[in-house]
1. Counting C-alpha atoms alone, how compact is the stretch 16-67: give Rg to one decimal and Dmax as a whole number, in angstrom.
2. Can you sort VAL113, VAL57 from fewest to most other Cβ atoms within 10 Å of each residue's own Cβ?
3. Over the stretch 46-118, what is the relative contact order in whole percent, taking alpha-carbon pairs under 8 Å and six or more residues apart?
4. Mind putting a number on the dipole of the chain about its Cα centre? Charges go on the C-beta only, +1 for Lys and Arg and -1 for Asp and Glu, and I need it in Debye to the nearest 20.
5. Restricting to DSSP loop positions (anything but H, G, I, E, B) with no more than 15 other Cβ atoms inside 10 Å of their own Cβ, which chymotrypsin sites (Phe, Trp or Tyr not before Pro) remain in the stretch 22-108?
6. Principal axis extents for the stretch 62-118, Cα atoms only, whole Å, descending order, please.
7. P(r) tail for the chain, what percent of Cα pairs lie past 24 Å?
Amino acid sequence: MNWRRLSEGLAGIPARHHIIAWILLALIVVATLGPISLRPVTPFGPDVERFGAFVVVGGMFSLTYPKQPVAVAALILLACGLFEYAQHFIPGRHPDFANFLVKSAGIIAGVIVARLLR
């Protein structure tokens, strides 16, 4: 890996964007893999919550890494799939392919919205 090229590419992006994007992803990990009591609940229902969370994360990562929208979407989709799969091993959590699809749609929507805003 060419670290110099990477640092030059990241130089124009404020560090707070990187921090915010990774913190948001970490919060999703906690909500997805932690005790069910840590999952935020809104009046909109779980599918809207999942979709919205991943719209925000997909958008934030797309704004943070603007030159790699496909890589951003692919990596977050992979992470999302791994989070859903990991629920197999956590008591009280139930992985579902439909949940993965809702989250995936949120990721794609977030990346598209961020691209349109640029």
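1. When restricted to the Cα atoms of the stretch 16-67, Rg and Dmax are 11.9, 37 Å.
2. Details: VAL113 15, VAL57 25.
Ascending number of Cβ neighbours within 10 Å: VAL113, VAL57.
3. Numbers: 85 pairs, mean separation 38.8, N = 73.
For the stretch 46-118, the relative contact order is 53 percent.
4. Values: 10 positive and 5 negative charges, 83 e Å.
Charge dipole of the chain: 400 debye, to the nearest 20.
5. Details: sites: TRP22, PHE44, PHE51, PHE54, PHE61, PHE83, TYR85, PHE89, PHE97, PHE100; in loops: PHE44.
Answer in residue order: PHE44.
6. Its Cα atoms span 42, 16, 13 Å along the three principal axes.
7. Values: 1936 of 6903 pairs.
When all Cα pairs of the chain are counted, 28 percent exceed 24 Å.
Values quoted throughout were computed directly from the atomic coordinates according to the rules given, and no laboratory measurement underlies them. Only a predicted model underlies this, so the values are computations on that prediction, with no experimental measurement involved. Here the Cβ is made from the backbone with ideal geometry for all residues, glycine too, and neighbour counts use every protein chain on show.
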